[in-house]
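Down below is the structure, laid out as structure tokens.
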Amino acid sequence: MNSSRSEYSNGIPARSVPKSRQETSSKAPELNAIEGRNWLIHRHFTRKEFGICKILIQEELERTRGKQEFANYIQGLILRHEGKIQESLECFQICHSLHPKNVDYIKQVARSLFLLGLHNLALEAYLDAQQISEVPDWDIFYNLGECWLRLGEHTKAKESLRQAVQLGHHERCYVALASIYKLEGDTQSAIEIYKAAVESAPDSAQLATALGLLYLEEGKYQHALEKLGGALARDPQYAQALLAAGAMMQNHSDYDVALSKYKIAAQSWPESPALWNNVGMCFYGKKKYVASLSCLKRAHYLSPLDWDILFNLGLVHMATQQYASAFHFLSAATNLRPAHAGTFLLVAISLRHLDDPDNASEAFKQASLLAPLDASIPLNYAVFLESQGDLDGAALQLERFQELAQVTPRLSPELVQTATQLSKLLSNRLRSRNGSKTDENEMSSKSKLAIEVEAQVRVRNHPVDSSPEGETPNSMADDEV
């Protein structure tokens, strides 16, 4: 009985079963899954080993004839990282065609369209993603706000960003919403948004710094100092907070403390134009003009079209009596910002020293048109007219200065002293012209005085620059120090 049972297996004689079948009947067949190497692609992608990742992706696409979703998706992300936005869009469109109901694929298509500047198409794609998504997605609402903002629809942008804030409480949602209020000139609403953001993320140095900068723009220096100090307490190496705190110290002529802040910021942010601009103007305040020019020229190299840097270069060159170089930088500044009266005032003074009275007079007139309430402009114009022998015109401009001095708070003592000297000189010359007797020695000494007051303009300073991280959180307006 036992021998007969051993000869059969399920009623089939054992000797009739092939040996190969006996060996393979206990093993499951091996099937090559389409997503079999996804884990390996993901590992190299997260390690930023894009070269190996692209080789694996190419092999997978060849094996599946381009129908591998994950390989196309990762390839699109890599191409976007490399700046090949159009190619990345094509990859995400393939993913979308393979799986039309996948919200992530639609979002990536929309993101590539947004980066290509096709904001209308990106908006439509994000709206499609919103309809397909089963749960509200803060990222979709955030990107909808960005699209509406680019299309000039501020009301719809704010509505979308408010929904994003309610869903996610992410920093960039708060920053984007506050930037719209700031763009509209509603600084107080922007401050309230940042207050809520700081409460939501109390450990964020970026949000505390942004709030401090808004307080700085509003002139609330104590609140600004508290927020900037809090940001530095959270992150002592945070470059933007250091730059803003240094600008405040520089505003109060505490140049050594400001330079100590900038020195720390330079370790993590050595290529910041605003940083080198501020360092240069610190040296300008310490009357170290050679060091100031060196720093400002480095800032100009990093940002050739920055109006503040060009203006400061013209100011420092005038202090070193290099009037041709000053005119070069100031004329470039006027082209970038033709509505700034202080720049035309400095141009006029430099042209006066370059013996170009006609153009200097035109520059004085343009400065007067742009800033009719600036007391320093008629005084400088009066000094110029007196040097050209136009005593009546100088007296008229001096009278204009005296009228403005009565309504100008905290007038500079240098301006008052110069106006007094010029008034005495004009009185003596007018009496001499009319035949009255004057002290010739006094008149000769007065005529040799260098009665020229420098333009009473503020040193242009940056309390903040673009973020040292890859993405700019928001565009902050430059302050004046």
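The values are calculated or read from the model by the stated rules, or taken from the named source; none is laboratory data. Computed from a prediction, not measured in an experiment: that's the story for all the values here. Virtual Cβ from ideal backbone geometry, glycine too; neighbours counted across all protein chains shown. Heavy atoms of the whole protein, side chains included, go into the accessibility calculation; ligands, DNA and RNA do not. Shrake-Rupley method; radii C 1.70, N 1.55, O 1.52, S 1.80 Å.
Numbers at a glance
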item	result
Number of the exception - Leu31 against (1) over 45 Å from the mean Cα position of the chain (by Cα); (2) at pLDDT 90 or above	(2)
Near pairs, Cβ below 6 angstrom, 6+ apart or cross-chain, from the stretch 125-137 (over 17 Å from Phe92 (Cβ atoms)) to any residue that is open to solvent by 60 Å² or more (accessible area, probe 1.4 Å) and outside any loop (DSSP other than H, G, I, E, B)	Pro136/Leu167
Qualifying residue in the stretch 103-120 (condition: modelled with pLDDT of 90 or more, of a type in the set (Lys, Arg) and surrounded by fewer than 19 Cβ atoms within 10 Å (Cβ to Cβ))	no
Among the residues listed as Tyr284, Tyr301, the single one being of a type outside the set (A, V, I, L, M), within 19 Å of Leu346 (Cα to Cα) and either open to solvent by 10 Å² or more (accessible area, probe 1.4 Å) or not in a helix (DSSP H, G or I) (or both)	Tyr284
Single match in His154, His170 (criterion: modelled with pLDDT under 95, more than 30 Å from Leu243 (Cα to Cα) and not β-branched (Val, Ile, Thr))	His154
Neighbours by Cβ (under 9 Å, 6+ apart or cross-chain): first from the stretch 420-441, open to solvent by 100 Å² or more (accessible area, probe 1.4 Å); second modelled with pLDDT of 85 or more	Arg433/Leu391
Selection status of Arg80, modelled with pLDDT of 90 or more, surrounded by 13 or more Cβ atoms within 10 Å (Cβ to Cβ), within 30 Å of Ala110 (Cα to Cα) and in contact with a Leu (Cβ under 9 Å, 6 or more places away or on another chain)	yes
Selection within the stretch 275-290 - among the aliphatic types (A, V, I, L, M) and farther than 17 Å from Met318 by Cβ	Leu275, Val279
In the stretch 307-355, the residues that are out of contact with any Leu (no Cβ under 8 Å at 6 or more places or on another chain), under 20 Å from Lys365 (Cα atoms) and open to solvent by less than 10 Å² (accessible area, probe 1.4 Å)	Gly342, Leu345, Ala348, Ile349
Whichever residue in the stretch 74-101 is part of a helix (DSSP H, G or I) and charged (D, E, K, R) and, among such residues, is farthest from Phe50 (Cα to Cα)	Glu90
Evaluation of Val383 against (1) under 25 Å from Gln250 (Cα atoms); (2) over 28 Å from the mean Cα position of the chain (by Cα); (3) of a type outside the set (Ser, Thr, Tyr) (one fails), failing number	(1)
Sole exception among (1) outside any helix (DSSP H, G or I); (2) within 25 Å of Glu226 (Cβ to Cβ) for Met249, by number	(1)
Options Ser260, Ser189, Ser179; residue that is under 18 Å from Cys295 (Cα atoms), in a helix (DSSP H, G or I) and of a type in the set (Ser, Thr, Tyr)	Ser260
Leu177 being touching a residue at least 12 places away in the same chain (Cβ under 8 Å) and open to solvent by 50 Å² or more (accessible area, probe 1.4 Å)	no
Checking Leu213 against (1) of a type outside the set (Lys, Arg); (2) at positive phi; (3) surrounded by 21 or more Cβ atoms within 10 Å (Cβ to Cβ), the condition it does not meet	(2)
